[in-house]
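Novice: Quick one: the structure is below, questions incoming.
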Amino acid sequence: MEQDLQGKIGRFTLPEIFQLIANGRKTGTLGIQKDDDIVMVYFKKGKIVYGYGPRQTLHLGQLLREKGKISSEQLSEAVGAQAETSSSKRLGQILIEKAFINRTDLETVVRRQVEELIYSLLNWESGSFKFYENQYPTDEEITVDISVENAILEGMRRMDEMNRIKEIIPDLNSILIMSPASPERRTDISLQSDEWNLLAMVNGRRTIAEIADLAKVPRIEAVRKLGALKLAGLVRVIGKPEPEGDRLAAMVDKVAGLLEEYLTRKTKTTAPERTVTQNIRDFGVPANKETDEI
């Protein structure tokens, strides 16, 4: 992957772009823009380590206050101190310096903030993107470690729009097969029990509809979860089953070919080789005649 990974959302979905970066274990920043909204997502060796956007719905101070980690007065004091400083010091760092929170509190909330940002991005159906390899716009002291697969899976668990799910899985008669992945990435994935059960039924022969019918969850929920597994790159579509008539004709042709091969081999092994003398006698020539007399 080069620095020119860029394009329009629609031609590629954001989960597909995230997967490209994760599969290549790339480091850098993915810039995403939709109208006036710009979001930056930082990656390190294919994992999400940070993200921010000017219009984030969950702000750091708000999350800390909701969790009861700081009071409104402490938040106001920290925001005021941030406005007075000439440096671009982060609010979280100021809160730590004032002993309002500790580093663990900050790491927990930053992770939640980044996760919520990523989940909201998965609903973007338009916009543009560009990946800046080995570049970070800011030097963040507090970073996280989020696998792309887990982010996509959780984002899909929250998705209620059936139209979006139909875009991911347009044909329930498609056959699914498990995708190869490195052992390291497999161990990072957190699946729910029903997602593991669905994954176990993917064998390269069953269709999405067949798996959904066998599932222990409602059919629509099974389809949603299979769509999440597909978006996360754990399974992929390999085609549709052959029509019954074509399948039967193929089986007949195969059996006929095997039978013909068997009969050919049997004829060769059971028929005795004819000697030159036997061939001569077939023409009515005595066997004791010399060759030049024939």
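The values are calculated or read from the model by the stated rules, or taken from the named source; none is laboratory data. Keep in mind the model is a prediction, meaning the values are calculated, not measured. Virtual Cβ from ideal backbone geometry, glycine too; neighbours counted across all protein chains shown.
Novice: Name, by its number, the condition in (1) surrounded by 14 or more Cβ atoms within 10 Å (Cβ to Cβ); (2) modelled with pLDDT under 90; (3) more than 17 Å from the chain's Cα centre (by Cα); (4) of a type in the set (D, E, K, R) that does not hold for Glu260.
Specialist: Glu260 satisfies all of (1) surrounded by 14 or more Cβ atoms within 10 Å (Cβ to Cβ); (2) modelled with pLDDT under 90; (3) more than 17 Å from the chain's Cα centre (by Cα); (4) of a type in the set (D, E, K, R) except (1).
Novice: Going by the conditions given, is Ser120 of a type in the set (S, T, N, Q), under 25 Å from Asp35 (Cβ atoms) and part of a helix (DSSP H, G or I)?
Specialist: Values: of a type in the set (S, T, N, Q): yes; under 25 Å from Asp35 (Cβ atoms): yes; part of a helix (DSSP H, G or I): yes.
In short, yes.
Novice: Being exposed (fewer than 11 other Cβ atoms within 10 Å of the Cβ), at pLDDT below 90 and either polar (S, T, N, Q) or under 11 Å from Ile70 (Cα atoms) (or both) is the filter here, so list the residues in the range 80-109 that pass it.
Specialist: Thr85, Ser86, Ser87, Ser88
Novice: Surrounded by 12 or more Cβ atoms within 10 Å (Cβ to Cβ) and touching a Ser or Thr at 6+ places or on another chain (Cβ under 6 Å): is that true of Tyr132 in this structure?
Specialist: Criteria met by Tyr132.
Novice: Hey, another quick one. Please determine whether any residue of the range 17-27 is of a type in the set (Val, Ile, Thr), part of a helix (DSSP H, G or I), touching a Gly at 6+ places or on another chain (Cβ under 9 Å) and touching a residue at least 40 places away in the same chain (Cβ under 8 Å).
Specialist: Yes, the range 17-27 contains a residue that is of a type in the set (Val, Ile, Thr), part of a helix (DSSP H, G or I), touching a Gly at 6+ places or on another chain (Cβ under 9 Å) and touching a residue at least 40 places away in the same chain (Cβ under 8 Å).
Novice: Ok, one more. What residue, among those in the range 202-240 that are in contact (Cβ under 8 Å) with a residue 60 or more places away in the chain and in a loop (DSSP other than H, G, I, E, B), is surrounded by the fewest Cβ atoms within 10 Å (Cβ to Cβ)?
Specialist: Looking at the filtered set, the residue picked out is Lys240.
Novice: Has the range 141-159 got any residue that is outside any loop (DSSP other than H, G, I, E, B) and surrounded by fewer than 16 Cβ atoms within 10 Å (Cβ to Cβ)? Walk me through it before giving the result.
Specialist: Quick first cut of the range 141-159, residues outside any loop (DSSP other than H, G, I, E, B) only: 146, 148-157.
Those left that are additionally surrounded by fewer than 16 Cβ atoms within 10 Å (Cβ to Cβ): 157.
Among the residues of the range 141-159, at least one is outside any loop (DSSP other than H, G, I, E, B) and surrounded by fewer than 16 Cβ atoms within 10 Å (Cβ to Cβ), which makes the answer yes.
Novice: Does the range 45-60 contain any residue that is in a helix (DSSP H, G or I) and of a type outside the set (Ser, Thr, Tyr)?
Specialist: yes
Novice: Right, next: With respect to Ala212, is the statement that it is at pLDDT below 90 and within 29 Å of Ser147 (Cα to Cα) true? Give the derivation first.
Specialist: Numbers: at pLDDT below 90: no; within 29 Å of Ser147 (Cα to Cα): yes.
Spelling it out, it is not the case that Ala212 is at pLDDT below 90 and within 29 Å of Ser147 (Cα to Cα).
Novice: Name the residue that is nearest to Asp145 (Cα to Cα), counting only residues in the range 74-105 that are in a helix (DSSP H, G or I) and touching a residue at least 40 places away in the same chain (Cβ under 8 Å).
Specialist: Asp105
Novice: Among residues belonging to the range 117-129 that are within 20 Å of the chain's Cα centre (by Cα) and buried (at least 17 other Cβ atoms within 10 Å of the Cβ), point out the one that is modelled with the lowest pLDDT.
Specialist: Only one residue fits best here, namely Leu122.
Novice: Sticking with this one: Can you tell me which residue is modelled with the highest pLDDT among those in the range 2-44 that are closer than 16 Å to Ser128 by Cα and of a type in the set (Gly, Ala, Ser)?
Specialist: Gly31
Novice: In addition: If you check Leu121 against the conditions, is it assigned by TED's automatic domain parsing to the domain that holds Gly53, closer than 14 Å to Ile48 by Cα and in contact (Cβ under 8 Å) with a residue 24 or more places away in the chain?
Specialist: Yes: the conditions hold for Leu121.
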